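What follows is a single structure, written as structure tokens, with notes after it.
Read-outs: derived from the displayed coordinates by stated rules, not from any lab. What you see is a predicted model; the values in this text were computed from it and never measured. Counting neighbours? That spans all protein chains shown, and the Cβs are built from the backbone with ideal geometry, glycine included.
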Amino acid sequence: MSRLTVNLPGREYDILSESGVLDRAGALLRPLLKGDLAVIVTDSNVEPLYAARLAGSLHKSGFRAAILEIPAGEESKTPAVLAELWEQMMDLGLTRSDSVLALGGGVVGDLAGFAAATILRGVRLVQLPTTLLAQVDSSVGGKVAVDLEAGKNLAGAFYQPSMVLMDPDCLGTLPRRELRGGMAEVIKYGCIRDAALFRDLEDLGGLEDIPARGAEIALRCCAIKAEIVERDERDTGERMLLNFGHTLGHVYERAYEYKTYTHGEAVAAGMAAAARIGVRMGITPPEAETRIVSILKQYELPTRIEAGAGDYARTLTLDKKSAGDAISFIVLEDMGRAKAVKLEKRRLLELIREAGL
Ligand code: NAD
Ligand code: GLY
């Protein structure tokens, strides 16, 4: 079993990765969780694959395990579904010493995480990520949220889990498109912090090689994320670097009403666009842009998504990394080194135009 610790004073937690860990979850969680009730929140795709194994392992360790299933997909990450979960948790008799277990991808993790943060003013949360994206990113760091009509993730909290348990075998059942999406975030870590990871990814054949290397890749990414979150849990400085590719990625997701492109696909095109803008600003070496475009192709990710000037203007106004008229835009100084540049939105829109995006 591989273990990493996220060292937040008074709220430290472990990330454990092991093949078959879902079957050992009960034993691993029993010393940590005081109450008897463990509410598993999962989605309609993950439930038939993994929920019974997790529930069985919890039962064996003396938990009363209940399963709450939401329809799979981003459409479930809403205040309405959150409110349903609250009511269902109360119907189950949840108390403050009980816990919520998020079994699934980032949608389940964010939604169940926000439910755990808010029900009874907060109960213990365990993240059991089953997508590559959730294993390398969303299950770690404590951002939980639901989407609003006005945009994604606009209502949420910082709420750290008590443990993250990941089973690399789950990647074996993941649809290829979801694996691709997760790779966008993996490539992002290479870009912003780990040139050696980027090189290792360049040396792999492509998507085919990922499930077998998933455990190692996820831990390398989680180590980077843990270090950043330890220094900037509340996202006021260094954590913004994780937003590389996301500012414009959000534009692309929204321009196509979250239907045409997955989050990862939009982030991929967002990274290529951010690299191009970085080159235009004289900050990013052209070679880094070339390598990013080429690795995105290697992992079957889009390098460009069309959007209109109105799409850019509308979404940038809502960006959570903005303060007043300024926006923190993440650019690469070199492969493996990123920085935030404060730009007036008007200037960023000009750069987007100048870069031919
Ligand atoms: P997702 O949760 O929708 O999962 C993708 C699809 O894969 C779903 O259909 C799901 O049912 C299915 N699935 C999950 N695990 C499976 C498995 N092992 N085998 C087969 N199918 C499986 O999407 P995602 O890409 O995991 O997460 C995207 C969400 O994460 C977005 O809402 C995004 O905003 C959020 N996010 C949050 C953070 C954070 O820090 N909290 C970071 C990045 C992204
Ligand atoms: N996924 C970005 C963050 O956790 O800050």
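The modelled label-to-label distance for the pair Asn153/Ser294, using points 7 Å beyond Cα in the direction of Cβ, is 3.0 nm.
Going 7 Å from the Cα of Lys60 along its beta-carbon direction, which residues of the stretch 15-36 have the amide nitrogen within less than 14 Å of the resulting point? Within reach of a label on Lys60: 20-30.
Spread over its residues, the convex hull of the C-alpha atoms of the stretch 257-302 is 61 Å³ per residue. Binning the C-alpha pair distances of the stretch 218-357 at 5 Å intervals from 0 yields a P(r) profile of 2, 10, 19, 24, 22, 15, 6, 1 %, listed from the shortest bin outward.
Give me the angle, in degrees from 0 to 90, between the Cα long axis of helix 106-118 and the longest principal axis of the Cα atoms of the chain, rounded to the nearest 10. Computed tilt is about 60 degrees.
Just the number, please: Stokes-Einstein D of the chain in µm²/s, Kirkwood Rh from C-alpha pairs, 20 °C, 1.002 mPa s.
Working: Rh = 20.5 Å.
For the chosen part, D equals 105 µm²/s.
Viscosity 1.306 mPa s, temperature 10 °C: give me the Stokes-Einstein translational D for the stretch 1-131 in µm²/s, with Rh taken as the Kirkwood radius over C-alpha pairs. The partial results should precede the final answer.
Numbers: Rh = 14.8 Å.
In µm²/s, the coefficient is 108.
Helix 79-91 and the longest principal axis of the Cα set of the chain meet at an angle near 10°.
Take every pair of alpha-carbon atoms less than 8 Å apart whose residues are at least six positions apart; their mean separation over the length of the stretch 118-254 yields a relative contact order of 27 percent. Going by neighbour counts of Cβ atoms within 10 Å, the residues Val293, Val6, Val100 line up, fewest first, as Val293, Val6, Val100. With a Förster radius of 45 Å applied to the beta-carbon distance between Ser44 and Arg199, the computed FRET efficiency rounds to 0.70.
Helix 309-318 and the longest principal axis of the C-alpha atoms of the chain enclose an angle of approximately 50°. Each of Met1 and Glu230 was given a label point 7 Å from its Cα along the Cα-to-Cβ line. The distance between the two points is 2.1 nm.
Within the set Lys152/Lys339; Lys77/Lys152; Lys77/Lys143; Lys77/Lys225; Lys188/Lys225, which residue pairs have Cα atoms separated by over 18 Å? Don't jump to the answer; show the numbers that get you there.
Details: Lys152/Lys339 24 Å; Lys77/Lys152 9 Å; Lys77/Lys143 14 Å; Lys77/Lys225 23 Å; Lys188/Lys225 11 Å.
Lys152/Lys339; Lys77/Lys225, as the Cα separations exceed 18 Å there.
Could you compute the longest span of the chain free of GluC sites (Glu not before Pro) located in DSSP loops and having at most 11 other Cβ atoms within 10 Å, not counting the site residues?
On the way: sites that count: Glu149, Glu257, Glu306.
Between exposed loop sites, the widest span is 1-148.
Here Lys60 is the anchor, and the lysines within straight C-alpha reach of less than 16 Å, apart from those fewer than 8 places off in the same chain, are Lys34. Note that the stretch 349-357 has calculated 3J(HN,Hα) couplings of 5, 5, 4, 4, 5, 4, 7, x, 8 Hz, one per residue in order, obtained from phi through the Karplus relation 6.51 cos²θ - 1.76 cosθ + 1.60 (θ = phi - 60°); glycine and proline are x.
For Cα pairs less than 8 Å apart in space and 6+ apart in sequence, what is the mean separation divided by the residue count of the chain, i.e. the relative contact order in percent?
Working: 685 pairs, mean separation 49.9, N = 357.
That works out to 14 percent.
How large is the direction-averaged shadow of the alpha-carbon convex hull of the stretch 255-336, in nm²?
On the way: hull surface 23.8 nm².
Computing the convex hull of the Cα atoms and averaging its projections yields 6.0 nm².
For Asp325 and Lys342, compute 0.36 nm times the residue count separating them, minus their Cα-Cα distance, and round to one decimal in nm. Walk me through the intermediate numbers first.
Values: separation 17, 0.36 × 17 = 6.12 nm, distance 0.99 nm.
Net length gain for the segment: 5.1 nm.
Here is how the number arises for the chain: DSSP H runs of 4 or more residues each give -39500 (n - 2.57), the sum is divided by the residue count, and the result at 222 nm is -13000 deg cm²/dmol.
P(r) tail for the stretch 55-180: Cα pairs beyond 16 Å make up 61% of the total.
Just for the stretch 60-158, what percent of DSSP beta bridges are antiparallel, to the closest 5?
Here the antiparallel bridges make up roughly 45 percent for the stretch 60-158.
The C-alpha atoms of the stretch 137-216 occupy a region whose extents along the principal axes are 40, 27, 27 Å, arranged from largest to smallest. Post the alpha-carbon centroid distance, the stretch 192-208 to the stretch 229-275, in whole angstrom. A separation of 19 Å, based on Cα centres. Full extension of the chain between Leu8 and Arg213 yields a length gain of 71.0 nm, computed as 0.36 nm times the residue separation minus the alpha carbon distance. Measuring r between the beta carbons of Glu84 and Arg177 and using R0 = 22 Å, the FRET efficiency lands at 0.20. Across the stretch 236-245, computed HN-Hα scalar couplings (Karplus, 6.51 cos²θ - 1.76 cosθ + 1.60, θ = phi - 60°) run 10, x, 4, 4, 4, 4, 5, 7, 3, x Hz from first to last residue, x flagging Gly and Pro.
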